[in-house]
Amino acid sequence: MILASVFAVFIPALMLPGPDFIAVVRTSMTRGTIAGLWTTLGVSLCLGIYATLSLAGLSAILIEYHWLAWAVRLLGGCYLIYLGLKLLFAQPAKLEMTEGSDRPKGNPLVFGFLVTSTNPKAIVLFTSVFATAVTESTPFWLMGLMVVMVILSALVWYTLVTLFMSSAPIIRRFRHVQHWIERAAGVCFMAIGGRILSDARNPVTP
């Protein structure tokens, strides 16, 4: 069955730690459950767009026009490094569990969307998965169902991550090491961004 073959690959890939996972964890721990859920929504929407674009054949365009793939990687890598530097040199801040007004600035939904959109390899992942299962005879309703299931799968997984990482016991346990968690997240963002930049000139392959 097409759905089984597609999601047997997508679900494990979704659960592997990456920029989106780090973004959800960081937002949930520093800004609470609501912000974490908004970041989850941003990540899920971006993954849905990636799935839609892959079905529409965008990856074929990236394979054909290497300069476009280079530009996407360059922008994505630079954005992740920027986020990493911002976290690495951020001043320690007290972690609160209340819904006070003194929250870190920035839209968590936009943050989740932008972080996920910086990884052009997601396009390649979706394409390699769909290419093995989807043909010209695949009905549009089934392809639409795939996109919906991608979004729902991401919503379920990252909602669980958010609820776990924003719980009061977890916050209390990590309260004294919050700043180091921020720095670790910054290093991860910088490493991923650097890896994307190092691969920028390599051609995109399905």
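The values are calculated or read from the model by the stated rules, or taken from the named source; none is laboratory data. All values reported here derive from a predicted model rather than from experimental measurement. Cβ sites come from the backbone with ideal geometry, for glycine too, and all protein chains shown count toward neighbours. All accessible areas refer to the heavy atoms of the entire protein, side chains included, with ligands and DNA or RNA removed. Shrake-Rupley method; radii C 1.70, N 1.55, O 1.52, S 1.80 Å.
Annotations
- Restricting the first member to the stretch 7-35 and to residues that are farther than 19 Å from residue 48 by Cβ and part of a loop (DSSP other than H, G, I, E, B), and the second to residues that are aliphatic (A, V, I, L, M) and modelled with pLDDT under 85, the beta-carbon pairs closer than 9 Å and six or more apart or on different chains are 32/97; 32/171.
- Residue in the stretch 95-112 that is of a type in the set (Val, Ile, Thr), under 30 Å from residue 144 (Cα atoms), at pLDDT 75 or above and open to solvent by less than 30 Å² (accessible area, probe 1.4 Å) present: no
For every residue, the table says whether it meets (1) farther than 21 Å from residue 53 by Cβ; (2) surrounded by fewer than 18 Cβ atoms within 10 Å (Cβ to Cβ); (3) modelled with pLDDT under 80.
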{"residue": "92", "(1), (2), (3)": "yes, yes, yes"}
{"residue": "119", "(1), (2), (3)": "no, no, yes"}
{"residue": "132", "(1), (2), (3)": "no, yes, yes"}
{"residue": "156", "(1), (2), (3)": "yes, yes, no"}
{"residue": "162", "(1), (2), (3)": "yes, no, no"}
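- Single residue of 60, 69 found to be out of contact with any His (no Cβ under 7 Å at 6 or more places or on another chain), buried (at least 22 other Cβ atoms within 10 Å of the Cβ) and at pLDDT below 75: 69
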